[in-house]
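See below for the structure under consideration.
The values are calculated or read from the model by the stated rules, or taken from the named source; none is laboratory data. Small disclaimer: the values here were computed from a predicted structure and weren't measured. All Cβ positions, glycine included, derive from the backbone under ideal geometry; neighbour counts span all protein chains shown. These area figures cover heavy atoms from the full protein model, side chains too; ligands, DNA and RNA do not enter into them. Shrake-Rupley method; radii C 1.70, N 1.55, O 1.52, S 1.80 Å.
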Amino acid sequence: MDTIKLTPASGNFVQTVQEKSRSDLSRCWHCLCCSGGCPFAKDMDFLPNVIIRMVQMGLKEKVLTSSAIWLCVGCNTCSMECPNAVDMAAMMDTLRRMAIEEKVKIAEPAVLSFHQKVIDSISRYGRTHKLEIMMRYKLSEKDFFSDMDLGLRMLSRRKLDLMPSKVKNKQQIQALFKLAEDLS
Amino acid sequence: MIACPGCHLRLGDAKWTLNTNQTKRNKVEKHFGQPFHSDLQLLHFFELLADMSRSGFFKDLPGRLKGLKIASYYGCMLARPPRLNKMPNHYGLIEKTMTALGGDPVQWGFSNTCCGTFLSVSRPLIASNLVNRIMKAAIRSGAECIVTACAMCHLNLEIRCASENRIPVFHFSEILSLARDGKPSREWLNRHLIDPTPVLKARWQV
Ligand code: SF4
Ligand code: SF4
């Protein structure tokens, strides 16, 4: 078993995470209700409540490079189970932002890449153009063949549109992106 | 009025932020050049439908659902972060509406299990495991179809379920239009990846 050395500086990490996510992690009593309810817990390297504990112990690198923070989809199921109103989804969101800002190794690059393609599409058209998102995502992941038949079936059933539907006033969209940045 | 559960949650969150953070509120008001109405009400479409159900509005619709067995699927629509736990809860609204429309909602265990959202693209195996558990549970409960309020759920359930676990998935707007005049729209049925025709044929002219 690994020994964890706690120093006075270990507390900095939890403080930052709590401030940024506006969630009081000291309320957590590790009852595991969140992890029991989370539909993705079994695919994560650390259970959601374990991530809280690791944050409290200052294990910054381990947390920011974990797959758990990227497999969390922010569905808030855990918050419905938590007896102490811990805002798990907000904490996970903060950890993802920190992982990007601190340029650590991202455990689930495909997840981040897909998010970026969606945001790019919205900034380009003001809406999502699903076909283009998927093509760009597949290109960046160098994964050309999985789901090919699915894509074709979706096209033929008109579930995917060939051409993007665009918002007329692009400047407004860009201004909204700027505003969102300013607010965050 | 909002039809998408995701939008409903995000707008609820934005409203909460604007009501609790004056600095952000000032910036947003400046950006849009108008004041924010703090008592603005956000109504989910299903709240209106449930109200209409109570007042008997759907009693005489020509296309009433003839006891169609429906698994109401909320996905993450009922969950919200702790700061928003005062928002009205939507639990049971789909069942109430489907009953008022003449359908027969079943009881089942997976009505509020998340569909996997974007993991359907970046980690398809995780999503398909989850979707198959959801679909199997719906079939076990005796449902003939699933009804959802979310376009994303609709897509994931259709594209990630294995061929042996298939029952049709409807967006609630399709069910509403069916109940209104009893004429399933070919144009919309054709867009389904799981063909709903066999289920509909038993009761309607398709
Ligand atoms: S449910 Fe809440 S209190 Fe229980 S372990 Fe999870 S975060 Fe902690
Ligand atoms: S918000 Fe994240 S941690 Fe919570 S249940 Fe959903 S996926 Fe799991």
For the structure I just gave you, tell me whether B:Trp204 is modelled with pLDDT under 90 and under 18 Å from the mean Cα position of the chain (by Cα). no
With respect to B:Asn89, is the statement that it is within 30 Å of B:Ile167 (Cβ to Cβ), within 14 Å of chain A (Cβ to nearest Cβ) and exposed (fewer than 13 other Cβ atoms within 10 Å of the Cβ) true? yes
Within segment B:152-206, residues touching a Gly at 6+ places or on another chain (Cβ under 9 Å), under 27 Å from A:Asp147 (Cα atoms) and surrounded by fewer than 19 Cβ atoms within 10 Å (Cβ to Cβ) come out as B:Met152
Among the residues of segment A:66-76, which ones are within 9 Å of chain B (Cβ to nearest Cβ) and near ligand 2 (Cβ under 6 Å from one of its atoms)? A:Val73, A:Gly74, A:Cys75, A:Asn76
Condition check for A:Ser79: near ligand 2 (Cβ under 9 Å from one of its atoms), open to solvent by 10 Å² or more (accessible area, probe 1.4 Å) and either farther than 19 Å from B:Arg123 by Cα or in contact with a Pro (Cβ under 7 Å, 6 or more places away or on another chain) (or both): yes
For the structure I just gave you, tell me whether A:Val55 is of a type outside the set (Phe, Trp, Tyr), surrounded by 17 or more Cβ atoms within 10 Å (Cβ to Cβ) and more than 9 Å from chain B (Cβ to nearest Cβ). yes
Checking the condition assigned to a loop (DSSP other than H, G, I, E, B), in contact with a His (Cβ under 7 Å, 6 or more places away or on another chain), touching a residue at least 24 places away in the same chain (Cβ under 8 Å) and open to solvent by 20 Å² or more (accessible area, probe 1.4 Å), which residue from B:Leu78, B:Leu42, B:Leu61 passes? B:Leu42
From the option list B:Leu130, B:Leu125, B:Leu176, B:Leu155, single residue qualifying as more than 11 Å from every other protein chain (Cβ to nearest Cβ) and not in a loop (DSSP other than H, G, I, E, B) is B:Leu176
Determine, yes or no, whether A:Ile106 is assigned to a helix (DSSP H, G or I) and either within 12 Å of ligand 2 (Cβ to nearest atom) or open to solvent by 20 Å² or more (accessible area, probe 1.4 Å) (or both). no
For segment A:37-54, name all the residues that are more than 8 Å from ligand 2 (Cβ to nearest atom) and either of a type in the set (Val, Ile, Thr) or closer than 20 Å to A:Ala85 by Cβ (or both). A:Leu47, A:Asn49, A:Val50, A:Ile51, A:Ile52, A:Arg53
Cβ pairs under 9 Å, 6+ apart or interchain, first in segment A:21-34 and in the same structural domain as A:Ala89 (by TED's automatic domain parsing), second surrounded by fewer than 14 Cβ atoms within 10 Å (Cβ to Cβ) and aliphatic (A, V, I, L, M), ordered by first then second residue, are A:Ser23/A:Ala85; A:Asp24/A:Ala85; A:Arg27/A:Ala85
Can you tell me which residue among A:Val86, A:Val63, A:Val118 is β-branched (Val, Ile, Thr), within 11 Å of another protein chain (Cβ to nearest Cβ) and buried (at least 21 other Cβ atoms within 10 Å of the Cβ)? A:Val86
